[in-house]
Amino acid sequence: MPILHFSHTLFATFAVFFLMLGLQGCKSKSLGLNVESEVGVVTILGEFHGTQEISSILNETVATSKLRGPVAIGLEVPNCALSRAIPNNLLLSLPGDNERPCDYSGMVEGRISSGLVATLNNLLADKTIKVFGIENGHGRANDDWDSNVWEGLVANRIEAVASEGYEVVVVTGNLHARKGNYTFGGQTTTAFAARLSTKSISVLIVPRKAGEAFMCASVGDCKKNTVPASSQALATDGMNCDVDTKNFDCVYTVPTYTASKPLVPQVWKTEH
C-alpha cells in the first residue's frame, strides 16, 4: 500500500530558489542551477507568519520547480485543517492525519494567510501540484507537545512525500527554517531540515528590517502589529546566496513586511 494516493518516479533535481529581481545576484551553485550534478527534493521557505511577502516567493519557487516534475507544497498546519479548503484530489493524505481531534490553531496564528490562499488558488489550477500539511494529525495544541517531537514528525511527513517522487516546497516559520538547532523558551531543538535523510536541501529565509504582521489573540480577534527588525536581515535588500552561515542557503531581505490577514476555518475557502 503506497503512503500517498499519488506516486511518481523520483527525479534527481535540486530545488531552485529564485526571484526575478534577485536572480542575477546569486551564484549558480547556491541557487541549485547545476541540476545535472545536484540531487535534491526539498526547498524550505522561511517566513514571518501573517505577512504577505512569502506568497510571491512561493509562486516563483513552484513555477521553477514544476518545470522538472510534480510539486507538493507543504504548509505549517495539519492536513485535517487543510481539508476544509483543499479538494481531496489536490490534498496528499498521510498516516496519522486523523489520529486526534483537529488543531486549527495555525489558522489563528496566521500560518495560513489570505496572501497564501490567493497564491494557492493560482498554483492549484495546475493539477500536477498538490498540497499537504507538514504537521501530524494533532498539530501542537496538546499537553504532550514537544518541539523536538514536532520537528521529528514534520521530517517524517516531508520524507514520506518526497519518497513518492515529489519535489517538496515547504512554507514554515523562520524559526524552523534552518539546517541546525534553535533555542526557544529555554529549550534547544533540532530543526526538521537537519533530520531529513537527503542532504540536498535548500533553505531560504525572508527576514525584514521593519513592518507589520497580522496576529490573533483568538479566532476573530486579529489586528496588525508592528514587528521589530530581524537580526537575520542583511544590509542589502533582496536575494543574497553568499551568506556566511550553515543554517541557510539564501537570505531574501525585505525592507518592510506587509501584513496579510489570517484566515480562520469558518471563512477559508478556495476556488477549486
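Read-outs: derived from the displayed coordinates by stated rules, not from any lab. Remember, predicted model here, so these are calculated numbers, not experimental data. Cβ placement follows ideal geometry from the backbone for every residue including glycine, while neighbour counts extend to all protein chains displayed.
I need F184, F214 ordered by Cβ neighbour count within 10 Å, fewest first.
Numbers: F184 10, F214 22.
If I rank by nearby Cβ atoms, fewest first, I get F184, F214.
Based only on other Cβ atoms within 10 Å, what is the fewest-to-most ordering of S231, S200, S114, S55?
Working: S231 6, S200 15, S114 19, S55 22.
Placing the least packed residue first, the sequence is S231, S200, S114, S55.
Could you give the length gained by full extension between T198 and V149, i.e. 0.36 nm per residue of separation minus their alpha carbon distance, to one decimal place?
Details: separation 49, 0.36 × 49 = 17.64 nm, distance 1.94 nm.
Result: 15.7 nm gained on full extension.
For the pairs K66/K223; K66/K179; K127/K223; K127/K224; K179/K223, note any where the Cα-Cα span goes beyond 29 Å. Intermediate results must be reported in sequence, preceding the final value.
Numbers: K66/K223 36 Å; K66/K179 24 Å; K127/K223 35 Å; K127/K224 35 Å; K179/K223 32 Å.
Where the Cα-Cα span goes over 29 Å, the pairs concerned are K66/K223; K127/K223; K127/K224; K179/K223.
Using only alpha-carbon positions, what ratio does the radius of gyration of segment 171-255 give when scaled by 2.2 N^0.38 Å? Walk me through the intermediate numbers first.
On the way: Rg = 14.7 Å, N = 85, 2.2 N^0.38 = 11.9 Å.
Cα Rg divided by the expected 2.2 N^0.38 Å: 1.24.
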